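I have placed the structure first, in the form of structure tokens, so that the comments after it can refer back to it.
The values are calculated or read from the model by the stated rules, or taken from the named source; none is laboratory data. Note that the coordinates shown come from a computational prediction; the quantities given were computed from them, not determined experimentally. Methodologically, a virtual Cβ is constructed for each residue, glycine included, from the backbone with ideal geometry; neighbour enumeration extends over all protein chains shown. Calculation scope for accessible area: heavy atoms of the full protein, side chains included, ligands and nucleic acids excluded. Shrake-Rupley method; radii C 1.70, N 1.55, O 1.52, S 1.80 Å.
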Amino acid sequence: MSSHNAADAETDTISAHKVEREYTIDQLARAADTTVRNVRAYQDRGLIPPPERRGRTGYYGSEHLSRLRIIGQMINRGYTLTSIGELLEAGNTVVTSLR
């Protein structure tokens, strides 16, 4: 019975610490069903934040992937990149004001 409790405690510890997946730009583009060129273009326009740099490599996280998926959905619905940028900025303003 004590081994069961130890296993439960270990599982609780693992689930309490969410592991953040990291992506290179190639991996991120594939996961978001877009191109590296688009990722760079969205970053240049400020639609996604820059990656975390370690040496010469940039690493992206789940927030980048979520943002890219939202951008893709909005493009499919006919929004322009300018409109998407304005909507994302407005969303950031609302979130910031709620804090």
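So what is the accessible area of the stretch 25-99 per residue, in Å², with the probe set to 1.4 Å? Before the final figure, lay out each step's value.
On the way: 5300 Å² over 75 residues.
Result: 71 Å² per residue.
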### Task
Quickly work out the Asp26-to-Arg69 label distance, labels modelled 7 Å from Cα along the C-beta direction, and quote it in nm with one decimal.
2.3
### Query
Given the Cα-Cα distance of Ser62 and Val19 and 0.36 nm per residue of separation, how much length would full extension add, in nm?
14.5 nm
